[in-house]
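The structure under discussion appears below in the form of structure tokens.
Every number here is computed from the coordinates shown, using simple stated rules; none is lab data. From a predicted model like this one, the values you see are computed outputs, not experimental measurements. Here the Cβ positions follow ideal geometry from the backbone for every residue, glycine too, while neighbour counts run over all protein chains shown.
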Amino acid sequence: MTLIVALACKDGIVMASDGQATGGSAGGPVRMSIQKIFQINEHVLFGASGDIGTIQRSKTIISSLSQELNKEWDFGLMEKVRTSLFGVYKNEIDRHRAFYKGTPQEDIRNAPIADVLLCNFLRREDKQQKIIWHIAPDCSDEMLDEIGYGCSGSGDVFAYTLLKNYPVKELSVERGKLVAYRVIKEAIEIGAYGLGEPIDIWVITEEGSNQLCEEEIMALDDTYKMWKEMEREVFKRIFSGDYETI
Amino acid sequence: MKKREKRLLELIYLPIEAVKNMMSPIQIMKAMFLMKQELNLSEFYEFKPYLYGPCSFDIYFDLSDLDKKGLIDTIPTLQGWKYYKITEKGKIVAKEFIGEEDRIVIDKILEVKKKVLSKSFLELLRYIYERYPEYAKNSIINIGAIK
């Protein structure tokens, strides 16, 4: 299981993911730490859920377009990305069908897939582009920046449940980091099978994209606990009827 | 070990009478911040206004380092906080540092530790935010709204 979220904040984009992958071994499934968000260039981040091999091929294709993606995105460029990915995914499905023909595994729902989130934040002179682009395994796509957030991975239901409570588009990147941390942390804590630490967070702002250091993640963890501490305090007062002291 | 990290270890080690000798990261952060403000120490942590008030990411780095060296240990709590406490090895090292430390600094460590540990979570935030509002400007908590 994977969970990746992307938040379109006021002054940039925050992307966060859990850090666990489930891989196969002769003895059964094994857990391992893995990075799920990658920098394509100064303004573009890539995250994907699905099968590791298909994700890697998707990343390779998108990285090969890194220079073009560093400019303003237009329809032609986005179609180029989509068409390139479609070639890979279709090939995977064809290969899967050919290999498993006549067996119960033939169903394409068992084929290796990738579900991609590609984020772009670009501000040059008076122009600004803020995009959260979701490319599904069948290469249908949607722009999620209008909603304010996008999710990928089988843990996405946890994220949608939590994110609907927050006015993401009104948040600064600094606060967006905290919301993203909370969403991933709580999805892990709820005990969704296959989600795990370490939590990885990246941001794209006017200054470019960067990954948060370990110390900042520790600081976010403490802020998250403080936030919960305050919620407990408010909850206690509401349920004791002591509204006026809040 | 840098002087600032030695002082961090001293803070975690120095016992306060009748109080359990362990500190949450927020208590440590606020205690180190008060030391910086009240003693004007050189070679010390730089603080910035963060989501929970004054914060120095370097303190997290040094806490991890002290933990890796086996000088401090962490205790999980039901509320999710991770408290830091000194280890037996840490006590020996901290005592050595204290032997070389300025008396004014030791007294200040004891004073701020006592102050920080005597306050509830909300009282501690209020104390810091009211005295140093410039460090509260990015806080997610509007302490004035909570009576």
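Okay, here's what the table says:
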quantity	calculated
Segment B:12-53: C-alpha gyration tensor shape, a/c 1.5 cut-off, then a/b vs b/c	oblate
Vicinal HN-Hα couplings computed from phi for segment B:54-63 (Karplus, 6.51 cos²θ - 1.76 cosθ + 1.60; Hz; Gly/Pro x)	x, 8, 10, 5, 5, 5, 5, 4, 5, 5
Of A:Glu231, A:Glu72, A:Glu207, the one that fluctuates the most in a GNM where chain A has Cα springs shorter than 10 Å	A:Glu231
Highest-fluctuation residue, A:Lys228, A:Lys177, A:Lys130 considered, GNM on chain A with Cα pairs under 10 Å	A:Lys228
Coil-residue GluC sites (Glu not before Pro) of segment A:88-126, DSSP, other Cβ within 10 Å capped at 13	A:Glu125
Distant-in-sequence amide H partners of A:Ile34 (H built 1.01 Å from N, under 5 Å)	A:Gln20, A:Ala21
Mean-position separation - Cα centroids, segment A:149-166 and segment A:45-76, in angstrom	22 Å
Radius of gyration and maximum dimension Dmax of segment B:73-126, Cα, Å	14.1, 38
Segment A:148-215: chymotrypsin sites (Phe, Trp or Tyr not before Pro) in DSSP coil with no more than 14 other Cβ atoms inside 10 Å	A:Tyr193
Taking segment B:34-104 and dividing mean pair separation by its residue count, relative contact order in percent (alpha carbons under 8 Å, at least six apart)	16 percent
Angle between chain A longest axis and helix A:173-189 axis [Cα atoms, degrees, rounded to 10]	80 degrees
Principal axis dimensions, largest first and in whole angstrom, of segment A:1-73 by Cα	48, 28, 14
Residue exposure sequence - B:Thr87, A:Thr54 - by fewest surrounding Cβ within 10 Å	B:Thr87, A:Thr54
Share of Cα-Cα pairs in segment A:51-97 lying beyond 17 Å, as whole percent	36 percent
Phi to ³J(HN,Hα) by Karplus 6.51 cos²θ - 1.76 cosθ + 1.60 over segment A:29-44, Hz, x for Gly, Pro	x, 10, 9, 8, 7, 8, 8, 10, 10, 9, 8, 8, 7, 4, 10, 10
5 angstrom amide H check on A:Cys9, placed H, neighbours 5+ away	A:Val14
Relative compactness, segment A:173-215, computed as alpha-carbon Rg over 2.2 N^0.38 Å	1.29
Kirkwood-type radius of the protein assembly as shown, with distances r between different C-alpha atoms, in Å	23.5 Å
For the protein assembly as shown, calculated [θ]222 nm from helices alone, where every DSSP H run of n ≥ 4 adds -39500 (n - 2.57)	-14000 deg cm²/dmol
Computed over chain B: relative contact order in percent, which uses C-alpha pairs under 8 Å that are six or more apart	34 percent
Ranked list, fewest to most other Cβ atoms within 10 Å of each Cβ, for A:Phe235, B:Phe33	A:Phe235, B:Phe33
Relative contact order (%) - criterion: Cα under 8 Å, at least six apart; region: chain A	30 percent
Residue among A:Gly150, A:Gly28, A:Gly76 with the largest mean-square fluctuation in a Gaussian network model of chain A, springs linking Cα atoms under 10 Å	A:Gly28
Shielding by partners, peptide B:50-61 (average Cβ within 10 angstrom, other chains)	5
Computed over segment A:119-191, Kirkwood Rh from alpha-carbon pairs, angstrom	13.7 Å
Paired Rg and Dmax values of segment A:1-146, which use every Cα atom, in angstrom	16.6, 58
Residue order, fewest to most surrounding Cβ atoms within 10 angstrom, among A:Lys59, A:Lys225	A:Lys59, A:Lys225
Within chain B, longest stretch free of exposed GluC sites (Glu not before Pro) [DSSP loop, at most 16 other beta carbons within 10 Å]	B:47-100
Two-decimal Rg to Rh for segment A:161-246 - Kirkwood Rh, Cα set	1.04
Percentage, to the nearest whole number, of Cα pairs in segment A:94-219 over 19 Å apart	61 percent
Kirkwood-type radius of chain B, with distances r between different C-alpha atoms, in Å	15.6 Å
3J(HN,Hα) from dihedral phi, segment A:69-77, Karplus parametrisation 6.51/-1.76/1.60, rounded to Hz, x for glycine, proline	6, 7, 9, 5, 7, 10, 4, x, 5
Residue-averaged beta-carbon neighbours from other chains (10 angstrom radius) around A:213-222	6
